[in-house]
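For reference, the structure is listed below as structure tokens.
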Amino acid sequence: MKKARWLAAAAACVCAAVFMSGCSSLTGSYSSATEQNHKEKVLRVGSDLNYPPFEFEENGKPTGFDMQLIEAVADRMGAKVEVENITFSDLIAAVKDNKVDAVISGMEGTDARAKDLTFSDPYFDKAGYSILARADDAAVSGWEDLKGKVVGTQAGTRHTEISVDVGAERVQSFDQKENVIKALKDGTVEAAVLDTPVAMYYAKHDSGLKLAGEPKFSEKGLVIAVKKGNTELQKEINAALKSLREDGTYDSLYAEWFGSGK
């Protein structure tokens, strides 16, 4: 990835998205909403808006690559988007409990998650993980240096498993990404394992942080997830994603947030 433009103003591209602060205001599934409102379909989407450059808030509105993408997907489906800000570790439960119709939140399509969710085709193939460390910490320069150290991760992600696999003495998980970063900066943890684009974002915008070593790449891509067995909605989302790739819209969004290199 090159020529990254993480903080591009995207309000115009997501102006149709409605940011909802609580699940109680989102009622009815995508299908029932369609039946009840023949003028407009509504796709209720859950996302953890603390995950730049994929999703975050800017001027009180959700923005980022995922937010622009799901807006474009919904548009191809003839629907508008209602975005619900949900902690990452609660996203699966929100889908299972019909609080949202779909989730997009930099979520990897793992076998474990497939037990509870049905996935779209991958929309981001280069999923991977990187180490974020304090810029002045010469003791952390790669994965082998995590052995015997305290590592911070976000709850509900694969980062904990990865940290244990490389020999971390202890893994401390936090609900919010910003708390992982805070723990790293104040020395509560000695390193953090994050998704590569997120780690790149923080290293780029905080001179006190650095990327350590090379990323580990995942075999699974990032997906849009729906309730287990909801193949009708899965097919609609996949058709929209295919259309966006074929007409160049996807490439334009990718270039805006990650540069033209793939």
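The values are calculated or read from the model by the stated rules, or taken from the named source; none is laboratory data. As the structure is a computational prediction, the values presented were derived from the model and not from experiment. Positions of Cβ are backbone-derived with ideal geometry, glycine not excepted, and every protein chain shown enters the neighbour counts. Protein only, heavy atoms only, side chains kept; ligands, DNA and RNA dropped before computing areas. Shrake-Rupley method; radii C 1.70, N 1.55, O 1.52, S 1.80 Å.
Which one is farthest from Glu236 (Cα to Cα), of the residues in the stretch 41-77 that are assigned to a strand (DSSP E or B) and of a type in the set (Val, Ile, Thr)?
Thr63
Kindly evaluate Val14 against the criterion of being crowded, with 18+ Cβ neighbours inside 10 Å and at pLDDT 95 or above. I'd like the intermediate steps shown before the answer.
Details: crowded, with 18+ Cβ neighbours inside 10 Å: yes; at pLDDT 95 or above: no.
No.
Given the conditions (1) crowded, with 21+ Cβ neighbours inside 10 Å; (2) under 16 Å from the mean Cα position of the chain (by Cα); (3) in contact (Cβ under 8 Å) with a residue 60 or more places away in the chain, and given that Pro62 satisfies all but one, which numbered condition is not satisfied?
Of everything listed in (1) crowded, with 21+ Cβ neighbours inside 10 Å; (2) under 16 Å from the mean Cα position of the chain (by Cα); (3) in contact (Cβ under 8 Å) with a residue 60 or more places away in the chain, Pro62 misses just condition (3).
Every residue in the stretch 179-203 that is of a type in the set (D, E, K, R) and more than 20 Å from the chain's Cα centre (by Cα), please.
Across the stretch 179-203, the qualifying residues are Lys185, Asp186, Glu190.
Tally the residues that are open to solvent by 50 Å² or more (accessible area, probe 1.4 Å), of a type in the set (D, E, K, R) and under 24 Å from Ser89 (Cα atoms), restricting the search to the stretch 138-177.
Adding up the residues that qualify gives 6.
Matching residues to (1) touching a residue at least 40 places away in the same chain (Cβ under 8 Å); (2) among the hydrophobic types (A, V, I, L, M, F, W, C); (3) in contact with a Gly (Cβ under 9 Å, 6 or more places away or on another chain):
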{"residue": "Ala94", "(1), (2), (3)": "yes, yes, yes"}
{"residue": "Asp97", "(1), (2), (3)": "no, no, no"}
{"residue": "Asp116", "(1), (2), (3)": "yes, no, no"}
{"residue": "Asp125", "(1), (2), (3)": "yes, no, yes"}
{"residue": "Ile131", "(1), (2), (3)": "yes, yes, yes"}
{"residue": "Leu184", "(1), (2), (3)": "yes, yes, yes"}
{"residue": "Tyr202", "(1), (2), (3)": "yes, no, no"}
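For every residue, the table says whether it meets (1) in contact with a Gly (Cβ under 9 Å, 6 or more places away or on another chain); (2) in contact (Cβ under 8 Å) with a residue 40 or more places away in the chain.
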position	(1), (2)
Gly148	yes, no
Gly152	no, yes
Glu169	yes, no
Asp175	yes, yes
Ser243	no, yes
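Given the criterion farther than 19 Å from Gln68 by Cβ, in a strand (DSSP E or B) and open to solvent by 30 Å² or more (accessible area, probe 1.4 Å), identify the matching residue among Lys216, Lys204.
Lys216
Could you say which residue among Lys126, Lys80 is basic (Lys, Arg), open to solvent by 20 Å² or more (accessible area, probe 1.4 Å) and either in a strand (DSSP E or B) or modelled with pLDDT of 95 or more (or both)? Can you show your working first?
Working: Lys126 fails: either in a strand (DSSP E or B) or modelled with pLDDT of 95 or more (or both).
Being basic (Lys, Arg), open to solvent by 20 Å² or more (accessible area, probe 1.4 Å) and either in a strand (DSSP E or B) or modelled with pLDDT of 95 or more (or both) holds for just one of Lys126, Lys80, which is Lys80.
Determine if the stretch 185-195 includes at least one residue that is in a helix (DSSP H, G or I), of a type in the set (A, V, I, L, M, F, W, C) and surrounded by 16 or more Cβ atoms within 10 Å (Cβ to Cβ).
No, the stretch 185-195 contains no residue that is in a helix (DSSP H, G or I), of a type in the set (A, V, I, L, M, F, W, C) and surrounded by 16 or more Cβ atoms within 10 Å (Cβ to Cβ).
Which residues, taken from the stretch 219-262, are farther than 22 Å from Lys99 by Cα, in a helix (DSSP H, G or I), open to solvent by less than 70 Å² (accessible area, probe 1.4 Å) and of a type outside the set (Asp, Glu)? Break it down into steps so the answer makes sense when it comes.
Quick first cut of the stretch 219-262, residues farther than 22 Å from Lys99 by Cα only: 219-221, 239-262.
Retained after the next criterion (residues that are in a helix (DSSP H, G or I)): 239-246, 249-258.
Filter again for open to solvent by less than 70 Å² (accessible area, probe 1.4 Å), leaving 239-241, 243-244, 249-250, 253-258.
Selection gives Ala239, Ala240, Leu241, Ser243, Leu244, Thr249, Tyr250, Leu253, Tyr254, Ala255, Trp257, Phe258.
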